[in-house]
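A.B. asks: Quick one: this structure, given as structure tokens, is what I'll be asking you about.
The values are calculated or read from the model by the stated rules, or taken from the named source; none is laboratory data. Quantities reported herein were computed from a predicted structural model and do not represent experimental measurements. Cβ placement follows ideal geometry from the backbone for every residue including glycine, while neighbour counts extend to all protein chains displayed.
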Amino acid sequence: VGARVGTAASVGSWPLVGVVLKIIKHYQEEGQGSEVVQGVLLGLVVDDRLEITNCFPFPQHTEDDADFDEVQYQMEMMRSLRHVNIDHLHVGWYQSTYYGSFVSRALLDSQFSYQHAIEESVVLIYDPLKTAQGSLCLKAYRLTPKLMEICKEKDFSPEGLKKANIGYEHMFEEVPIVIKNSHLMNVLMWELEEKSTMADKHELLSLSSSNHLEKSLQLLMDRVDEMSQEIVKYNSYCRNLSKQQQQKHQYLQRRQQENAQRQSRGEPPLPEEDISKMFKPPPPPPRMDTLLIAGQINNYCQNVKEFTSQNLGKLFMAQALQHPSS
Amino acid sequence: MSRFFATGSDSESEESSSADEITPKATGTTFNKQALLLSDDEEDTKRVVRSAKDKRFEELTNLIKTIRNAMKIRDMSKCLEEFEQLCRAFLKSKAIVDKEGVPQFYIRLLADLEDYLNQLWEDKEGKKKMNKNNAKALSTLRQKIRKYNRDFETDIASYKEVSISALIHIHMKSGLAVLLQNCSYAPRIKTRGSLSCAVGESTFKRLPPCLRTQDADRQTSSRRPKKTKQKDRAEEEAEEEPEGEDGEWREVKGGVPMVKEKPKMFAKGTEINTAVVVKKLNEILQARGKKGTDRAAQIELLHALAAIAEENNLGEGIMVKIKFNIIASLYDYNPNLAAFMKPEMWKKCLDCIDELLDILFDNNNIFIGENIAEDSESLGISDQPFRVRGCILTLVERMDEEFTKIMQNTDPHSQEYVDNLKDEGRVCGIIDRLLRYLEGKGSTEEICRVYLRRIMHTYYKFDYKAHRRMLGLQGESKSEQDQEESEGEDSAIIMDRLCKFIYAKDRTDRIRTCAILCHIYHHALHSRWYQARDLMLMSHLQDNIQHADPPVQILYNRTMVQLGICAFRQGMIKDAHNALLDIQSSGRAKELLGQGLLMRNMQERNAEQEKIEKRRQVPFHMHINLELLECVYLVSAMLLEIPYMAAHEFDARRRMISKQFHHQLRVGERQPLLGPPESMREHVVAASKAMKMGDWRTCHSFIINEKMNSKVWDLFPEAQRVREMLVRSIQEESLRTYLFTYSSVYDSISMETLSEMFELELPTVHSIISKMIINEELMASLDQPTQTVVMHRTEPTSLQNMALQLAEKLGGLVENNERVFDLKQGVYGGYFNRVRLLYPHSPIFLSLSDQKSGYQQKQNYQRGGLQVPDSGLLLRIVKHSRTVTGGPAFSPRLELI
């Protein structure tokens, strides 16, 4: 395995078709509805790109076998792979998603730990629903260096985030994906294409939209609710803070006046008290969740937008087909 | 019996065994002996008094015995300890001692102990040998007893005198005599034979002397030879006894002051007149409330006094006075207010009150009142009317409270409870009599109070007679007694009369409040809904009941519940639901109605609070059936909620009519396996599910069936009518639900079909649908010629609904976000103002404000059920949401729009 690329920012990923098929198969077999499946990506870094050459799934485990050790399992798996001389370098992980909802704290945390340990690692997000509609949807994400900094410092207070100058847009960066196949495989495919009759692809032209939109809207609404709550929380925090500031100010003024009076009377000034103890500022609410929700909302909106624009196009097309004369 | 020996236990076992055989007789004789001392007519009274005395004295003698034992083994610390206890015990029995004089044995112990201690004190050698504790105890005890004995100086002196004068032989006889007088005497008898003599005294009388000695001989001879000397002495004494008996008795009596057996009411021959009796009465009453007073004895004394007064014809005045005091001391019998009277005591009290009322009714010339001063009473027989201090009303009220307490403390499922409950009739009788009495003589306030008592005993009872009369079922197969009973006034009329009097005359708010609540309750119980409701509304109790005390609040809660149930019976579902909502939504109906305590941990309520709460409980026979209550509530909620839910299926701001009902639904949904319903709740939940589908038949079968009948519906007096009402409501509400749920499926629907489906008459269906159309609940119009409902299909689709909801939520979000911004700027609406200032004519501002009004428009659409705006809206919302999701670093991304 060659040398690793220092700057992770320019990493492009090149998964092999085999990997993609494995991921899809994994979801087909184990994923149900909103349940997510996860797995480990293996591969190597070549020049400035990351080649994902293999993967294996995390087994689904219930709460009954709590003593199941994931790390142990991964190590075991990788050791076995090395024995059969397959690429066994850890380069990231993959996860399925439900209507594009993946921006969550859990994802952030695990991706952070991946990127912290293996700098070039990526997370592949696979959307089975979109794929089922006819277009393969696979995206690779990495945390931006800015976000990495914040996560390292674990400072999620409003001030910290403000200082870092980070918005929901700057949290994740998408890495372009190129899916490659071995040349022999390509040749085989060409041959097969000649022979096979074209499968009917109705999904692509399906006009029904309400189901998908409803689901998306439902999820969007939930996030908006959460966002509202977060804002209310933040709002009350701000109010409390300013109220306390006021009180503190008043107190200081009173103290000053009193001291002035005492001085004029020739008495010693009142002893200094620890003001920060008397007015403990309310704990600032962590803002990371808000950012994540905002990111997620953004994600949903993109999805809906994409979907609606496609659908509108389809609708116009259908209209044109129905009334060819006009 | 064994106490007998125990008291004289310094005698050795030989005597005990001989005594054992004779004691049964001995006790008998001692009692006979006592009986002789008593005056004939007060015999049984005395026995009680004696027993109380005995108990105290026994305690003393037991202590004395241990002291003597300790003295023997020179255990000074034990001695000290016991002595302190003795002093305390003596103090406790002070009341008896006051009456009887200081008991002889006590004096003797004091004297002996002092002698003994002095002796020890002198004995320097022995003192040195003592261990530290003992020595210390000795000095303390010596000081103590010196001080203590000062109080008894004369007694001790006289005792010493006697003991010297009759020392050698006689002093043991004195022991015997004293023993006979106080069965629990601990004689300081050094001679061993005395006990056997004492106990066997009666036998001695019957048996010839020779036999006696033989008997003693036989027993003692088998013992250790060491005792022979003593045995001889015993024989000696035994022989001596017969001759000396009489004389010695006299001597003892003269020497030792007799313990008064029983407080004689009056010295023999005293002329018994009013003044004397009153004096005696006061004497007895002085002891009242004092610590060591034997309350039972006091009651007996008062009874005795009453008997004497009656015997001597002292007139009713004094009788009334004594009766008052008897009842008062009966109440006093329980020192603890929280504890309840024993039913027997209470019954006695009931009798007394009855008698008192008899006297009061018989004699018109007795004035009683609390305001009559003690010294202005006139009790003697004269031309003037009697004047007695006391308040019969208070006594009756107290009696009633005690009755409640007894009922609270009896297990409601026992026969005992039923037995106790039978006395309720008597209580009512007494209250009735008192009421008649006070109507003639009492002040307005008193009448109000007694009226309230009467009301309290009436309001919760269902008047079956009146009910039957109303239904016109008069006299078919009724016994004569029933006939007689039904002659009486209807409880409604009584309630009306009493309550109106109180409304007019009462000046304390509390009585009036209670009366109003009871009145409402009574109305509600008898299905006079409008009267009950009007009274409730007119009284404005709902506004200020939270200021009342807890018992009144409980009464209020009971009334509200009864009102709700009444409304339900009348088919006024909404009213029923509203009335019951407060009680049921808290989930503490049981507690709020005072029908039981909720299990709570001790942190929330300590023992004291628990006691208070327990005292507030309503007796079991007045309980409102909680299951009935819950069922009525849930069914009302179902009839309201299910159509509402169907109508507002997509409404984001749908509020719940009844949280409790939703909770039950959720519980039902959570069930992994749904079997046929068992409990009342499950029935209602199952019925609700059926109703949701518009399936009224299933709903009906779940609500009204065998199980529910026996559990709930049969508890109503007019069960059949209620059931009919229910079926009708279910049909109507199911129809509404059906139309809400499935209107989008139909283009048009024939009313006839509907009327068949729900088994309702055509006009009813027509009216229901018309109402729905008028209220804009149903987007349809009626086609008269074909009798069909034509749907307009203007309801938004679910996607549109979602979009609307989202828009609303986003509106809220924007508002919240603005608030954060305002906080930073310090001005409300600062954001928009700022935008306007920055870009006075910018289209951005316009578009923003357009959107704002757009939300309002949408709300209007929803309400009016008009066509929703085109799908472009969705895009706009999506765009907008991007603007506001900036979060903390809120940077208005205006360029997007």
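Matching residues to (1) in contact (Cβ under 8 Å) with a residue 24 or more places away in the chain; (2) of a type outside the set (A, V, I, L, M):
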residue: B:GLU706; (1), (2): no, yes
residue: B:GLU724; (1), (2): no, yes
residue: B:VAL727; (1), (2): yes, no
residue: B:SER734; (1), (2): yes, yes
residue: B:SER750; (1), (2): yes, yes
residue: B:GLN787; (1), (2): yes, yes
residue: B:MET791; (1), (2): yes, no
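A.B. asks: Which one of these is closer than 30 Å to B:TYR556 by Cβ, of a type in the set (Val, Ile, Thr) and at pLDDT 90 or above: B:VAL618, B:VAL635?
C.D. replies: B:VAL635 is the lone residue from the list that is closer than 30 Å to B:TYR556 by Cβ, of a type in the set (Val, Ile, Thr) and at pLDDT 90 or above.
A.B. asks: Do we have A:LEU270 as within 14 Å of chain B (Cβ to nearest Cβ) and either surrounded by fewer than 14 Cβ atoms within 10 Å (Cβ to Cβ) or touching a helix residue (DSSP H, G or I) at 6+ places or on another chain (Cβ under 9 Å) (or both) here?
C.D. replies: In short, no.
Residue-by-condition table, conditions (1) in a helix (DSSP H, G or I); (2) in contact (Cβ under 8 Å) with a residue 12 or more places away in the chain; (3) loosely packed, with under 11 Cβ neighbours inside 10 Å; (4) at the interface with chain B (Cβ under 9 Å from one of its Cβ atoms):
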{"site": "A:LEU219", "(1), (2), (3), (4)": "yes, yes, no, no"}
{"site": "A:SER228", "(1), (2), (3), (4)": "yes, no, no, yes"}
{"site": "A:TYR234", "(1), (2), (3), (4)": "yes, yes, no, yes"}
{"site": "A:LYS243", "(1), (2), (3), (4)": "yes, no, no, no"}
{"site": "A:GLN247", "(1), (2), (3), (4)": "yes, yes, no, no"}
{"site": "A:LYS277", "(1), (2), (3), (4)": "yes, no, yes, no"}
{"site": "A:PRO282", "(1), (2), (3), (4)": "no, yes, no, no"}
{"site": "A:THR290", "(1), (2), (3), (4)": "yes, yes, no, yes"}
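A.B. asks: Just checking: which of the helices (runs of 4 or more DSSP H) contained wholly in the range B:542-651 hold 1 or more residues that are over 23 Å from the mean Cα position of the chain (by Cα), farther than 24 Å from B:SER688 by Cβ and of a type in the set (A, V, I, L, M, F, W, C)?
C.D. replies: B:550-569
A.B. asks: So, B:LEU626, is that one surrounded by fewer than 21 Cβ atoms within 10 Å (Cβ to Cβ), under 30 Å from B:LYS707 (Cβ atoms) and out of contact with any His (no Cβ under 7 Å at 6 or more places or on another chain) or not?
C.D. replies: Considered against the rule, which asks whether it is surrounded by fewer than 21 Cβ atoms within 10 Å (Cβ to Cβ), under 30 Å from B:LYS707 (Cβ atoms) and out of contact with any His (no Cβ under 7 Å at 6 or more places or on another chain), B:LEU626 comes out as yes.
A.B. asks: Right, here's the next one. Of everything in the range B:666-693, what is aliphatic (A, V, I, L, M) and free of Cβ contacts under 8 Å to residues at least 24 places away in the same chain? Give them in sequence order.
C.D. replies: B:VAL667, B:LEU673, B:LEU674, B:VAL685, B:ALA686, B:ALA690
Residue-wise test of (1) crowded, with 20+ Cβ neighbours inside 10 Å; (2) within 14 Å of chain B (Cβ to nearest Cβ).
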site: A:PRO59; (1), (2): no, no
site: A:ASP87; (1), (2): no, no
site: A:GLY100; (1), (2): yes, yes
site: A:ARG105; (1), (2): no, no
site: A:GLN115; (1), (2): yes, no
site: A:TYR126; (1), (2): yes, no
site: A:MET148; (1), (2): no, no
site: A:LYS154; (1), (2): no, no
site: A:LEU161; (1), (2): yes, yes
